[in-house]
Amino acid sequence: MAMTTPLVSRFQSMLGYWRGPNQLETGRHGLLEMHFHSHFEGELVQLDAYTWDTVTGETFSAGTGLFALKHDGRLIENLYVGRFGFCMLHETDDEPDVLALLGDLPGGRTMSVSLRLEDDELLLTSQLKAGVVGKDLPRTVARLKRYDRPPGEGA
Amino acid sequence: MSNPLSRFAGWIGDWAGQGEVADGTEILFRMQVSSSVEGNALCFHMESWVGQMQLLHGLRLILAPCPDGTLQCMGFSTRFGMVNLTPTPDDEDVLALAGPATGGMQISFSLIQQEENTLIATGMARPQDAPPGFAASGGTHGILRRVAPWRPPGS
Amino acid sequence: MNNGIADYLPWVGVWAGVGDTQAGQQTAIRTDFVPALDGTGLQMHFEAWDTEFKTLYHGVRAVLAPAPSGVLRALAYSTIHGPLLLELTPDDEGVMALAGESLGRNHISVTFVQDAPAELLFMAFWRPAGGNVPDGDDPRMTCRLKPATPWNSPTV
Amino acid sequence: MPTPLITRFAEWLGTWRGKCEFSDGREGLMQFRLTSIFNGEAIQVETASYVSDSGAPMTRGSGFFSLDRQGRVVNNIYADYLGFAVLVETPDDPEVLSLEGGLPGNRTLAVTMSVADDLMTLSSRVGEGYKSAAGRPRTYTQMRRVGSFPRAEGVAE
């Protein structure tokens, strides 16, 4: 009996480990690992995301997000990233196969994140917008692969 | 600047014990405190069990420093939804957190270290729109001991 | 039938119940299964308590993984028996049967049987070196485990 | 009160990453994650090595450190390319952990590990027969501690 809840159904094909090259908004290149796992029998999905230097292994970005479903069936993410602090993101409208979220960061900035599965790759884009005053930071794009099961085999 | 989490690092490990909810129902507590977000945060994973090991409530919290060094806490409760809690200033060996939950309640949660291997856990929830003087009904209270596995005699 | 890790991935999550120890006491059991080793293995964490969570009778952390030969084995640490290497004996679908010896030559046998969609029957026994292998009637730890679905999930 | 195992290895807990040279000449990025379990009765060691720029896995492993009755470290391990083994501590300098044990196929695995400040050094060799040949090619990695593992002032774990 596999654990199925409305939340887990949204993340079923993402659960597990993903890795791939990533360029942060600072321009720094690294390797990004994302690990999706569930808790409380599928009522909570946690995402641990780390970007590290490909040569030294030093981590230069580490964060954890907790996903749950709201009353209206939309996703909400409680996020902590060491570099930015805490942020609550809410699901926004996008194409059917894209999971898009938007949230406010301290200092009037906003963070947008989108996840899309393309064949066996997970495409992550995220951007920090400076809000009213200041400059938007460059968008970061990462294309990740999973290695825990042969390509094409579903969850 | 010393790590603001250091004063709670001694709590890393497994804790368990008994408690009760407001209506007198006895509950069993289990709590795992672990390093998280590559050492930048502490994760508190708490489970309250009743009867024949039915999970009454699950709470998963991430306590971490904001970029300005102040501690903040985000998490998920299986009863109250997403929570964002702020530590209220207190003694060195007390973690007192309070804040709103997306389910509409105002949550307060505290851990008080009574001795090296004993923590007192208290949790309270009241409607966010409750008028002043509203006596918060409900609440959970319990004693947690650091787990010391049974050892066969002579081992 | 040769079981693979994928056969057990549907068990991922937390299971709990109240049963009996080999010594005949009542015990509250909590066990969880989590994918490990990039998803190519399965980690199991097992705790058997007294029914007031005062004493952890027995704790086991194990990792089930494929040896280079493809055979599944479990690497484990037990708070009673210490480090363990357990063999997975091939069995029917929905059965995980592990057995092996500790460094102190205790013989350990652990079995999970999914005999209902949302239920795992857990059985375990151990005997000291040289002890006879128990037959069906000998005491063993048994417990029916159910998924730890939180009560009355919230409207977030 | 920390257990004897944690008193000895408290500084080893946390995540470590660094460049790795494999005995077959390949290079990659090695990661070790050491976590105390059952309040310090054992330490779980999760290992993984990756192709540096893609993150494709090269090796995956798991293991447990615990102490036997004589206070020696016993390390039962699994590595996807080696299989399962039980390694036992052998005498070495105080700050070095040396382990040795038999592998399937009548081979021997010898491992030495040490931590100084925030650097973990590991060297391992697989030999034929009962004694590992010193001249065999080795796997060698120096990994730096990742993140700042929160440590209580004065308390080991």
Item to check | For residue A:106, net neighbour charge (Lys/Arg +1, Asp/Glu -1) across residues whose Cβ lies under 14 Å away | outcome: +1
Next on the checklist: Could you tell me the relative contact order of the stretch B:20-155? Use alpha-carbon pairs under 8 Å, at least six residues apart, and round to a whole percent.
Outcome noted: 15
Checklist outcome for this item: In the protein assembly as shown, taking the dipole from +1 charges on Lys and Arg beta carbons and -1 charges on Asp and Glu beta carbons about the Cα centre, the listed residue (B:56, B:105, B:9) farthest towards the positive end is B:9
Checklist outcome for this item: Partner shielding of C:85-92, as the mean number of partner chain Cβ atoms within 10 Å, equals 1
Checklist entry - Using the Cα gyration tensor of chain D, with a ≥ b ≥ c the square roots of its eigenvalues, what is the shape: rounded (a/c below 1.5), prolate (a/b larger than b/c) or oblate (neither)? => result oblate
Checklist entry - So what's the net charge close to residue C:54: Lys and Arg +1, Asp and Glu -1, counting the other residues with Cβ under 14 Å from its Cβ? => result -2
Next on the checklist: What distance in nm separates the two pseudo spin-label positions at residue A:143 and residue D:96, each 7 Å out from Cα along the beta-carbon direction?
Outcome noted: 4.6
Next on the checklist: Using a 10 Å cut-off around each Cβ, can you sort D:107, B:30, C:105 from fewest to most neighbouring Cβ atoms?
Outcome noted: C:105, D:107, B:30
Checklist entry - With the Cα gyration tensor of the stretch C:12-143 giving a ≥ b ≥ c as the square roots of its eigenvalues, does the rule (a/c under 1.5 for rounded; else a/b larger than b/c for prolate; else oblate) give rounded, prolate or oblate? => result rounded
Checklist outcome for this item: Pseudo-spin-label distance residue C:113 to residue A:90, built 7 Å along Cα→Cβ, given in nm, is 5.2
Checklist outcome for this item: For the protein assembly as shown, the charge dipole (Cβ of Lys, Arg +1; Cβ of Asp, Glu -1; about the Cα centre) points to a positive end, and the Cα of C:114, D:76, A:78 closest to that extreme belongs to D:76
Next on the checklist: Could you sort the peptides A:59-70, B:80-91, C:73-84 by per-residue average Cβ neighbour count (10 Å cutoff), highest mean leading?
Outcome noted: C:73-84, A:59-70, B:80-91
Checklist entry - Which value, in debye to the nearest 20, gives the size of the charge dipole of the stretch D:4-146 about its Cα centre, when Lys and Arg are +1 and Asp and Glu are -1 at the Cβ? => result 200
Checklist outcome for this item: Computed over chain C, the relative contact order (Cα-Cα under 8 Å, seq sep at least six) in percent reads 21
Next on the checklist: Order A:114-120, A:99-105, B:142-148 from most to least packed using the mean count of other Cβ atoms within 10 Å.
Outcome noted: B:142-148, A:99-105, A:114-120
Next on the checklist: Multiplying the sequence separation of residue D:69 and residue D:35 by 0.36 nm and subtracting their Cα-Cα distance, what value in nm do you get?
Outcome noted: 10.1 nm
Next on the checklist: Taking amide H atoms as placed 1.01 Å from N in the peptide plane, list the residues 5 or more away in sequence, or in a different chain, whose amide H sits under 5 Å from that of residue C:51.
Outcome noted: C:28
Next on the checklist: Taking 8 Å as the Cα distance limit and 6 or more residues as the minimum spacing, I'd like the relative contact order of chain A as a percentage.
Outcome noted: 18
Next on the checklist: Quick check on the exposure proxy: order C:151, C:126 from fewest to most C-beta atoms within 10 angstrom.
Outcome noted: C:151, C:126
Item to check | Inter-site label distance for residue C:50 and residue A:53 at 7 Å from Cα along Cβ, in nm | outcome: 5.3
Item to check | Residue-averaged 222 nm ellipticity for the protein assembly as shown, from DSSP H runs of 4+ at -39500 (n - 2.57), nearest 500 | outcome: -500 deg cm²/dmol
Item to check | Cβ neighbours within 10 Å from other chains - mean over D:7-18 | outcome: 2
Checklist outcome for this item: In this structure, the FRET efficiency calculated for residue B:91 and residue D:7 from their beta-carbon separation, with R0 = 41 Å, to the nearest 0.05, is 0.90
Checklist entry - Hey, got the average number of other protein chain Cβ atoms within 10 angstrom for residues in B:81-93? => result 2
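Read-outs: derived from the displayed coordinates by stated rules, not from any lab. Predicted, not measured: the structure shown is a model, and the values here were computed from it. As a convention, Cβ positions derive from the backbone with ideal geometry for all residues, glycine included, and neighbour counts pool all protein chains shown.
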